[in-house]
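The values are calculated or read from the model by the stated rules, or taken from the named source; none is laboratory data. Not measured: the values here are computed from a predicted model. Backbone-built Cβ (ideal geometry, glycine too); neighbour counts: all protein chains shown.
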Amino acid sequence: MRFPTSIVLVLTLTGAAAAHEVTAGDLVIGHPWSRATPATAKTGVGYLTVTNNGSEPDRLIGGSADVSAGFRLHTSKIVDGVARMRPLEGGLPIAPGETISLKPGATHVMLTGMKKPILEAEPFAGTLVFEKAGSVPVEFTVEGFGGRPAEASDSHLEKRQ
């Protein structure tokens, strides 16, 4: 039986998308990704979503990445027209039924002490650490420097509707 090309393409893309989601208990980590860095960069970034499908809260408290010595949660806000970034102390709570988004221009992972450049189309391994779910291995895909432009929101929480 021959399938139309469009059906094969949809099935292929659906499989790829599903493969880049990690489940840890009641938490679903969606599409961890990063941007390519220049060869001399001292820092990199990480973005992802976390959905809590459970009835108890959890908290993202840290992690690690193969490409860096440090892994910190940071938040950015626009204050008087200037972007201000600061460490997010105490982790990032994830209430039951909530999805949090770590994204450009808002809360994100700051990778410090780069061991090597982050290269486009070369994924790297990382681990997210949650207060209750524990350590969860993830793979960050890498997009070009201009990939996924910053959104106009300075909020780090997006509640599911």
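Below are the figures for this structure:
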| quantity | calculated |
| --- | --- |
| Subset of region 66-82 (residues that are free of Cβ contacts under 8 Å to residues at least 40 places away in the same chain and farther than 16 Å from residue 35 by Cβ) | 73, 79, 80, 81, 82 |
| The listed residue being at negative phi and at pLDDT below 95, out of 36, 16 | 16 |
| Qualifying residue in region 93-104 (condition: surrounded by fewer than 16 Cβ atoms within 10 Å (Cβ to Cβ), at pLDDT below 95 and under 18 Å from residue 30 (Cα atoms)) | yes |
| Any chance residue 63 is of a type in the set (Gly, Ala, Ser), touching a residue at least 60 places away in the same chain (Cβ under 8 Å) and surrounded by 13 or more Cβ atoms within 10 Å (Cβ to Cβ) | yes |
| Answer from 98, 89 - the residue that is in contact with a Lys or Arg (Cβ under 7 Å, 6 or more places away or on another chain) and of a type in the set (Asp, Glu) | 98 |
| Residues being part of a loop (DSSP other than H, G, I, E, B), small (Gly, Ala, Ser) and surrounded by 14 or more Cβ atoms within 10 Å (Cβ to Cβ) - total across region 66-92 | 1 |
| Residue that is farthest from residue 103 (Cα to Cα), among those in region 41-56 that are surrounded by fewer than 16 Cβ atoms within 10 Å (Cβ to Cβ) and touching a residue at least 60 places away in the same chain (Cβ under 8 Å) | 56 |
| Filter result (in contact with a Lys or Arg (Cβ under 8 Å, 6 or more places away or on another chain) and either under 22 Å from residue 91 (Cβ atoms) or at pLDDT below 65 (or both)) within region 128-147 | 130, 131, 132, 147 |
| Scan of region 25-65 for residues that are in a loop (DSSP other than H, G, I, E, B), farther than 20 Å from residue 105 by Cα and of a type in the set (Gly, Ala, Ser), ordered by number | 25, 39, 54, 55 |
| Selection count where residues are within 13 Å of the chain's Cα centre (by Cα), of a type outside the set (Lys, Arg) and within 25 Å of residue 119 (Cβ to Cβ), scope region 60-93 | 7 |
